[in-house]
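Read through the structure below, which is laid out as structure tokens, and then see the notes.
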Amino acid sequence: MNLNLITPQKSEIAFKSFTFPDGQPHIKLESIPTTTKHVHILTRLSTMNDVFLCLAAKNALDYAGVETVDVTISYLMAARMDRVMTEGEPFSLKIVADILNAGQFRKVRIFDPHSDVATALIHRSMAISNLTLVKKAMEAFSGLTNNDYYLVSPDSGALKKVYKIAEAIEAERVAECIKFRDVKTGQLSGFKTFEEDFGQRPCFIIDDICDGGGTFAGLAALLKSRNAGKVILIVSHGIFSRGLAIEGVDYVVSTNSFKEFSETPSSVRIFPVESVL
């Protein structure tokens, strides 16, 4: 059976969740057949409240006599804090991983985590590739041959993933970009790419997270200065803390892995995360 904490109406196990006046999240499972031996939880961990609710659901299932529980995490908070960045800062991903490990899930699946550190820290975990999302995004641009477009890696950290996608879809052109960031301030100071002329071909930037969008605005300006055609951003996790419009980016494709979207402009396509897992 499934317990869908992202889309309750799709959950096979009915539940109610709410927050007590003191801020404590709470969940009440409505009905679990006594013959239930295994449950799969689907959740997003965008806040610590989400983390607590996930563990509370696991605990309730344990008390109900369910023998094994798996979890699929659409968004893993703190995934970008996968090391101690500067002196005096915490190893935030380690904290979240330790909490999840306390839940003793049989298996943990994570949609497009920021790095391999997440699956190294979280017991019995595996990453779900963003390949299905990329394929769905590119279906909208029918008629492209393998030589008609570029897949663009925004930085060295994403390069390995982008090459794997290129191999899977038989893309012939991959452009590597480099961004320069001050570790202490987080400010971006510039971008470089090894491509001199994109020949008006569409450029698909592929990455895991879009937060404020500054990286992608800078990349779009760089790509178009090198004769790129349309710039399409494909990101697994859309935070969009500064809005959905990103200067220089013509189209955005993402999912509701991090949050729900009530409405979007025609230049933005949001896929239900369940459809790409």
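A few points about this structure:
- Selected residue (criterion: surrounded by the most Cβ atoms within 10 Å (Cβ to Cβ)) from residues of the range 125-148 that are more than 14 Å from S254 (Cα to Cα) and in contact (Cβ under 8 Å) with a residue 60 or more places away in the chain: I128
- Cβ-Cβ contacts under 6 Å between residues 6 or more apart (or on different chains), taken from a first residue in the range 244-256 that is without any contact (Cβ under 8 Å) to a residue 60 or more places away in the chain to a second residue that is of a type in the set (K, R), are listed as D250/K230.
- In the range 6-24, the residues that are free of Cβ contacts under 8 Å to residues at least 40 places away in the same chain and either open to solvent by 90 Å² or more (accessible area, probe 1.4 Å) or closer than 18 Å to Y63 by Cα (or both): Q9, E12, I13, A14, K16, S17, F18, P21, D22
- Test: residue in the range 44-64 that is in contact with a Cys (Cβ under 7 Å, 6 or more places away or on another chain), more than 24 Å from S241 (Cβ to Cβ), modelled with pLDDT of 95 or more and open to solvent by less than 20 Å² (accessible area, probe 1.4 Å): no
- The range 189-216, residues that are within 17 Å of A245 (Cα to Cα) and open to solvent by 30 Å² or more (accessible area, probe 1.4 Å): D211, G214
- Of all the residues in the range 218-243, those that are under 19 Å from the mean Cα position of the chain (by Cα), without any contact (Cβ under 8 Å) to a residue 40 or more places away in the chain and under 18 Å from F141 (Cα atoms) number 2.
- For the range 49-76, filtering for residues that are out of contact with any Leu (no Cβ under 8 Å at 6 or more places or on another chain), closer than 14 Å to P33 by Cα and not in a loop (DSSP other than H, G, I, E, B) leaves 2.
- Of the numbered criteria (1) under 21 Å from S236 (Cα atoms); (2) touching a Phe, Trp or Tyr at 6+ places or on another chain (Cβ under 6 Å); (3) surrounded by fewer than 17 Cβ atoms within 10 Å (Cβ to Cβ), the one V84 fails is (1).
- For the range 164-175, the tally of residues that are under 13 Å from F204 (Cα atoms) and free of Cβ contacts under 8 Å to residues at least 24 places away in the same chain stands at 1.
The values are calculated or read from the model by the stated rules, or taken from the named source; none is laboratory data. Since the model is a prediction, treat every value here as computed from it, not as a measurement. When we count neighbours, we look across all protein chains shown, and the Cβ atoms used for this are built from the backbone with ideal geometry, even at glycine. Heavy atoms of the whole protein, side chains included, go into the accessibility calculation; ligands, DNA and RNA do not. Shrake-Rupley method; radii C 1.70, N 1.55, O 1.52, S 1.80 Å.
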